């Protein structure tokens, strides 16, 4: 039954101006999805024409036209794959010393660099820190992109001179979860604070392989920060395919983060730090409490007006 009020609400929603970051992420997701879907589509066309060319016909001859179509499809597939996927970025130069940034980029030399993204986000930096160090957001905020992934328990926590490391067990409930392509249903994931601006997420994969994501969070002023995401892996997958998958996942999860970050931004920095005190009994907040112990007030003196 037609409901005018719901239709009007929908028109109002889609006509509202979106942030540049949100528009960029949606375009990245669309273009990456098209690129990934194009590979099996072109491959199917090449195989179909190849089978048709060599199948027995009434005259018993090979159809040259079908061979031509098959070769054209294969050439198109090669061009499509090697062109790769070029994501858009809402990027600003990072406010890090050049030597420090080079060290950051080479922090995990045993893994191959796959992809990176950089965005300027209109939220205080502490919102991003709180979000990255709060394990429950994996279940609540990323319910769609992570396929109802569950955080089962925190199995290990240790403090380090520059931060800390937390290991927690995650479970994939659904047998159709796409993450099963490269990981077991139950694995231990590592979350590490390397510096006041650097947080690393390590996800184990099959055959002792892993995927590591390095988040760099730099405050630009009191209400904005820059998020730089670097992805590393030693998975033996075609590089462009793995790059497109990781960029798609990165864009989708960041798109899901925006409403949550907006909610956090409505609270001041003091109340955000207060969450650590309120959650002292929660193991999932141990890293955020450690961050506040080491770096509370660290950036305030360095934020440019």
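Descending by average beta-carbon neighbour count within 10 Å, the peptides 35-41, 187-193 line up as 187-193, 35-41, the highest first.
Averaging Cα coordinates gives a centre for segment 134-166 and one for segment 31-48; these two points are 35 Å apart. When the Cα gyration tensor is reduced to axis lengths a ≥ b ≥ c, the ratio a/c is 1.5 or higher for segment 185-247, and with a/b not above b/c it is classed as oblate.
Spread over its residues, the convex hull of the C-alpha atoms of segment 157-261 is 134 Å³ per residue.
So how far apart, in nm, are the two label points at residue 157 and residue 207 if each is 7 Å from Cα heading toward Cβ? Placing both labels 7 Å along Cα→Cβ, they lie 3.7 nm apart. One decimal place: the segment residue 150-residue 52 gains 30.6 nm when fully extended, by the rule 0.36 nm per residue minus the C-alpha distance.
Tell me, in nm to one decimal, what length is gained between residue 34 and residue 67 on full extension, where the rule is 0.36 nm per residue of separation less the Cα-Cα distance?
9.3 nm
For the pair residue 112 and residue 282, how long in nm is the line joining their label points, each one 7 Å along Cα→Cβ? Going by the 7 Å Cα→Cβ label model, 3.9 nm.
Taking label positions 7 Å along the Cα-Cβ direction at both residue 120 and residue 27, the computed distance is 1.6 nm, reported to one decimal. Mind checking the alpha-carbon convex hull of segment 98-295 and giving the volume per residue in Å³? Hull volume over Cα atoms, normalised by residue count, gives 122 Å³.
Every number in this text was worked out from the coordinates using simple rules, so none of it is lab data. It should be emphasised that the depicted structure is a prediction, and the values quoted were computed from it without experimental measurement. Glycine gets a Cβ as well: all are built from the backbone with ideal geometry, and neighbour counts include every protein chain shown.
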